[in-house]
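Have a look at the structure below, then the notes.
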Amino acid sequence: MTVKQLSLPELVDACRDLGVPAVGLWREPVQAYGVEAAAKLVRDAGLTVTTLCRGGFLTAIDPAERAAALADNRRAVDEAAALGTDTLVLVSGGLPAGSKDLRGARERIADALAELGPYAEEHGVRLAIEPLHPMYASDRCVVSTLAQALDLAERFPARQVGVTVDTYHVWWDDTAPAQIARAGAQDRIHTFQLADWTTPLPEGVLNGRGQIGDGSVDMREWQGHVEAAGYTGAIEVELFNDVLWARDGREVLAETARRFVEHTA
């Protein structure tokens with residue numbers, strides 16, 4: 001998504017040319033290209049897929065909507081397995097229309113995980129609950145903190161359900177380092193993502209993730225927290241940013257790679 005202006009073949013070529021060994025993919029462009037074709041494209045380029053994003057949106061009350069969401073998440077698990085990644089990132093979903101029941105919404109997520117976790121495990125895929133900044137709680141994700149994500153994940157085996165640590169969403173939370181340690185002790189840090197926090201936020205707030213080094217987040221500090229917790233996996237950069245998307249994609253990818261080296265250990 002950092003360079004969504006690139007087609008999948010262009011992305012793969014740019015990663016290969018820059019020496020980027022792995023890529024996190026999103027479902028929509030993979031589906032448009034063809035899941036098996038995308039898997040072959042990445043594999044033939046010598047790249048690995050770190051994660052697939054995204055599953056989730058599991059808070060529906062209506063039985064038909066709930067059934068549709070579960071079916072879509074099973075398809076997402078199948079797609080992740082086909083791409084060769086062991087991690088499907090979950091954005092859990094916001095409040096249903098007319099509801100103000102955050103607790104009830106989180107319980108419906110747990111109910112869905114009870115069905116999806118075993119299915120994911122059968123396919124060699126782990127579910128990674130991503131807490132989103134509280135400004136997204138109403139419409140996108142009622143799981144706002146790592147503590148809330150872990151409270152859900154701990155109901156299930158770590159081989160089925162863990163968490164995503166994304167600097168953009170947790171940097172403000174002074175309890176997050178302790179929760180990262182809690183997650184690491186249980187082997188539940190399934191992926192770690194970087195994005196910076198810059199202000200003012202754009203209208204709509206979704207596409208306001210800053211390029212690494214442009215904002216308020218100390219990337220090395222958060223990298224230190226996850227590594228101290230035992231995480232040794234890939235570090236992804238995930239930027240939703242209209243200004244970056246309007247630029248040449250290869251240029252943005254090269255810049256992001258440079259910033260990654262500059263601002264991580």
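The values are calculated or read from the model by the stated rules, or taken from the named source; none is laboratory data. What you are looking at is a predicted structure, and each value in this text was computed from that prediction instead of being measured. As a convention, Cβ positions derive from the backbone with ideal geometry for all residues, glycine included, and neighbour counts pool all protein chains shown. Areas reflect the complete protein model, heavy atoms only, side chains present, ligands, DNA and RNA absent. Shrake-Rupley method; radii C 1.70, N 1.55, O 1.52, S 1.80 Å.
Before moving on, here are some points about what is shown:
- Unique match (being modelled with pLDDT of 95 or more, among the aliphatic types (A, V, I, L, M) and over 23 Å from Leu52 (Cβ atoms)) among Ala234, Ala149, Ala181: Ala181
- Restricted to the stretch 95-193, the set of helices (runs of 4 or more DSSP H) holding at least 3 residues that are of a type in the set (Gly, Ala, Ser) comprises 102-122, 146-153, 176-185.
- Residue identified as over 19 Å from Pro157 (Cα atoms) and in contact (Cβ under 8 Å) with a residue 60 or more places away in the chain among Thr59, Thr87: Thr59
- Arg43 being closer than 24 Å to Arg259 by Cβ, in contact with a Gly (Cβ under 8 Å, 6 or more places away or on another chain) and either in a loop (DSSP other than H, G, I, E, B) or not acidic (Asp, Glu) (or both): no
- Residue among Ser138, Ser144 that is small (Gly, Ala, Ser), under 17 Å from the mean Cα position of the chain (by Cα), closer than 30 Å to Val243 by Cα and at pLDDT 95 or above: Ser144
- Number of the condition not met by Thr50 [criteria: (1) in contact with a helix residue (DSSP H, G or I) (Cβ under 9 Å, 6 or more places away or on another chain); (2) assigned to a strand (DSSP E or B); (3) not hydrophobic (A, V, I, L, M, F, W, C)]: (1)
- Qualifying residue in the stretch 123-144 (condition: surrounded by fewer than 16 Cβ atoms within 10 Å (Cβ to Cβ), more than 22 Å from Thr175 (Cα to Cα) and without any contact (Cβ under 8 Å) to a residue 24 or more places away in the chain): no
- Of all residues in the stretch 182-231, those that are crowded, with 18+ Cβ neighbours inside 10 Å and acidic (Asp, Glu) total 1.
- Leu146 touching a Pro at 6+ places or on another chain (Cβ under 7 Å) and closer than 26 Å to Thr59 by Cα: yes
- Scanning the stretch 150-198 for residues that are under 15 Å from the mean Cα position of the chain (by Cα), closer than 25 Å to Pro118 by Cα and β-branched (Val, Ile, Thr) turns up Val161, Val163, Thr164, Val165, Ile189, Thr191.
- The set of residues in the stretch 84-110 that are surrounded by 23 or more Cβ atoms within 10 Å (Cβ to Cβ) and farther than 28 Å from Met135 by Cβ contains only Thr85.
- Any hit, the stretch 16-31, residues being open to solvent by less than 20 Å² (accessible area, probe 1.4 Å), aliphatic (A, V, I, L, M) and more than 24 Å from Ala120 (Cβ to Cβ): no
Yes/no per residue for (1) farther than 20 Å from Ile235 by Cα; (2) small (Gly, Ala, Ser); (3) in contact with a helix residue (DSSP H, G or I) (Cβ under 6 Å, 6 or more places away or on another chain); (4) at pLDDT 95 or above:
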position	(1), (2), (3), (4)
His123	yes, no, yes, yes
Arg126	no, no, no, yes
Ala153	yes, yes, no, yes
Pro157	yes, no, no, yes
Val161	no, no, yes, yes
Thr167	no, no, yes, yes
Arg188	no, no, yes, yes
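- Any hit, the stretch 236-247, residues being farther than 21 Å from Leu206 by Cα, crowded, with 18+ Cβ neighbours inside 10 Å, in contact with a Phe, Trp or Tyr (Cβ under 7 Å, 6 or more places away or on another chain) and of a type in the set (A, V, I, L, M, F, W, C): no
- Checked against (1) on the phi > 0 side of the Ramachandran plot; (2) within 21 Å of the chain's Cα centre (by Cα), Leu58 passes all but a single condition, namely (1).
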